[in-house]
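Only one structure is covered here, and it is reproduced in the block below.
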Amino acid sequence: MGQKLAYGLENYGIRFRTQACNGIHLNLAEAGEGPPVFLLHGFPECWASWGPQIKFLVDKGYKVVAPDMRGYGDSDAPEDVAAYDTVELAADVIGLLDAYDQQQGVIIGHDWGCIVAWHTAWLHPERIKGVGGLSVPWFGRGQTDTLSALKRQMGDNYFYIIDFQKAAAHEALNRDTPCPWKKSSPAASTCWAKRPATPACWNASPCRNSAPNICPGTSSTISPAATGATALSRR
């Protein structure tokens, strides 16, 4: 492919496909041949944030399948907040296993993708051969809902998941505010090369060069529901 990708991934034969899955369409990046490993990115990222791991796995003889999760990148972004609970997200992963004819699959998550990976293994244990997570451990189902626990832990301190519950934050996220996030990482630059959009800024605050990786959605807006604003599992 002619496009220069993050982490030198253009040298790894990245292949893109759109896959119908659980009632939506997901954008997938594939590389390599062999037993498939499914990589689930976090927030606010996209498939390209897995660059070094893609290279490692391909070199070890695996096929990597790295989707843009629903609400991110070139994948569909349903408007309904309920479309982003972990029951639906886990069903997306099972749909990917079906699409690749995997009765049992190996899934690895990072950040928010860990929540999806752990819950997929919890809800569909018969379909998962191996599961891993980077940065977020499995913590089971607690006695307190996630938002209440976070509010108690954070107190008056700012925390993005809590802030995302506010209508004002949603408005700010969907406002086209130019900022330098597209320069913050190779992964972000890869996604930005795909379309001339500008990202929204969290909570309308000034953007910082140290901002985390971000990849734009299908338009220049970010779906608030895709940010992890909803509960981690359906009660």
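The table below gives the values:
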quantity	calculated
Answer residue from region 72-98, given it is outside any helix (DSSP H, G or I) and open to solvent by 10 Å² or more (accessible area, probe 1.4 Å) and is nearest to H25 (Cα to Cα) among those	D76
Any hit, region 88-104, residues being under 25 Å from E33 (Cβ atoms) and among the small types (G, A, S)	yes
Residue count, region 43-69 (criterion: surrounded by 24 or more Cβ atoms within 10 Å (Cβ to Cβ) and assigned to a loop (DSSP other than H, G, I, E, B))	5
When residues of region 29-42 are limited to those that are in contact (Cβ under 8 Å) with a residue 40 or more places away in the chain and part of a strand (DSSP E or B), the one surrounded by the fewest Cβ atoms within 10 Å (Cβ to Cβ)	P36
Residues of region 147-164 satisfying the condition of being part of a loop (DSSP other than H, G, I, E, B) and open to solvent by 80 Å² or more (accessible area, probe 1.4 Å)	D156, N157, Y158
Search result, residues across region 103-146 that are out of contact with any helix residue (DSSP H, G or I) (no Cβ under 7 Å at 6 or more places or on another chain), open to solvent by less than 60 Å² (accessible area, probe 1.4 Å), farther than 20 Å from V64 by Cα and not in a loop (DSSP other than H, G, I, E, B)	T146
Members of region 5-21 found to be surrounded by fewer than 18 Cβ atoms within 10 Å (Cβ to Cβ) and assigned to a loop (DSSP other than H, G, I, E, B), listed by number	G13
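Residues are listed down the side, and each one gets a yes or a no for (1) in contact with a helix residue (DSSP H, G or I) (Cβ under 6 Å, 6 or more places away or on another chain); (2) within 14 Å of Y100 (Cα to Cα):
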| position | (1), (2) |
| --- | --- |
| Y12 | yes, no |
| R17 | no, yes |
| A20 | no, yes |
| V37 | yes, yes |
| G42 | yes, no |
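The values are calculated or read from the model by the stated rules, or taken from the named source; none is laboratory data. Model, not experiment: these values are computed from the prediction. Here the Cβ is made from the backbone with ideal geometry for all residues, glycine too, and neighbour counts use every protein chain on show. Heads up: the accessible areas ignore ligands, DNA and RNA and are worked out on the full protein's heavy atoms, side chains in. Shrake-Rupley method; radii C 1.70, N 1.55, O 1.52, S 1.80 Å.
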